[in-house]
């Protein structure tokens, strides 16, 4: 347990504050935008910048505390960068599928024609 | 821990709390099921960020494993619910 120098604490605090601001802005956008397809975009800011800032703050702070390279917060970034691009397009497909099933007219047609009997 | 870092931690936690309340409003209002699934995914994500920040605050590595578990559960639950809405069953 080392004493952490002040500039490291300032850098960690700046990263945490920017992460909080990014997450707050994305939540406001998620609440206020009128349509689901528009609403899917602001959380991308939180998913990327929010998690990157917090993980980098963790890497910096724990590396300074333990006087060695502590790299395991990168696992969070790697895990999110693998899982988020799977869930969000699936939810977009859910929205598209349900609107098609409801008979909406302002959505693009399917790429492949439906299979007949 | 300096006042700078503890102030930054408190600010970040406050931002996450306010953002979670905003997302919770979207979760309750809907209007469709996919909005609710997405809002739940975001709530999981905010909980994961809170875990990471608490790990920095208490200088502990245990919070990191909790954050990783929350990220895993978030992926599994969102994927399963989206699949259920899309196809009517989770595993065909």
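One table, with the values for the structure above:
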read-out	value
Among (1) assigned to a helix (DSSP H, G or I); (2) closer than 21 Å to residue B:70 by Cβ; (3) within 21 Å of the chain's Cα centre (by Cα); (4) within 8 Å of chain B (Cβ to nearest Cβ) - the single one residue A:62 does not satisfy	(3)
Candidates B:37, B:25, filtered to the one that is touching a helix residue (DSSP H, G or I) at 6+ places or on another chain (Cβ under 9 Å), surrounded by fewer than 17 Cβ atoms within 10 Å (Cβ to Cβ), facing another protein chain (nearest Cβ under 8 Å) and within 26 Å of residue A:31 (Cβ to Cβ)	B:25
Within region A:1-13, considering residues that are part of a helix (DSSP H, G or I) and more than 7 Å from every other protein chain (Cβ to nearest Cβ), the one farthest from residue B:22 (Cα to Cα)	A:7
Residue A:68 being more than 9 Å from every other protein chain (Cβ to nearest Cβ), over 30 Å from residue B:30 (Cα atoms) and modelled with pLDDT under 90	yes
Test: residue in region B:5-15 that is touching a residue at least 12 places away in the same chain (Cβ under 8 Å), under 23 Å from residue A:30 (Cα atoms) and surrounded by fewer than 16 Cβ atoms within 10 Å (Cβ to Cβ)	no
Residue within region A:40-54 that is more than 9 Å from chain B (Cβ to nearest Cβ), over 19 Å from residue A:81 (Cα atoms) and surrounded by 16 or more Cβ atoms within 10 Å (Cβ to Cβ) present	no
Residues of region B:55-64 satisfying the condition of being at the interface with another protein chain (Cβ under 9 Å from one of its Cβ atoms) and surrounded by fewer than 17 Cβ atoms within 10 Å (Cβ to Cβ)	B:59, B:61
Qualifying positions in region A:15-29 - at the interface with chain B (Cβ under 7 Å from one of its Cβ atoms) and either under 19 Å from residue A:86 (Cα atoms) or surrounded by fewer than 24 Cβ atoms within 10 Å (Cβ to Cβ) (or both)	A:17, A:21, A:24, A:28
Selection within region B:21-36 - more than 16 Å from residue A:42 (Cβ to Cβ) and touching a residue at least 12 places away in the same chain (Cβ under 8 Å)	B:33
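The values are calculated or read from the model by the stated rules, or taken from the named source; none is laboratory data. Just so it is clear, the structure is predicted and the values come from calculations on it, not from any experiment. Reconstructed Cβ throughout: ideal geometry from the backbone, glycine too, with neighbour counts over all protein chains shown.
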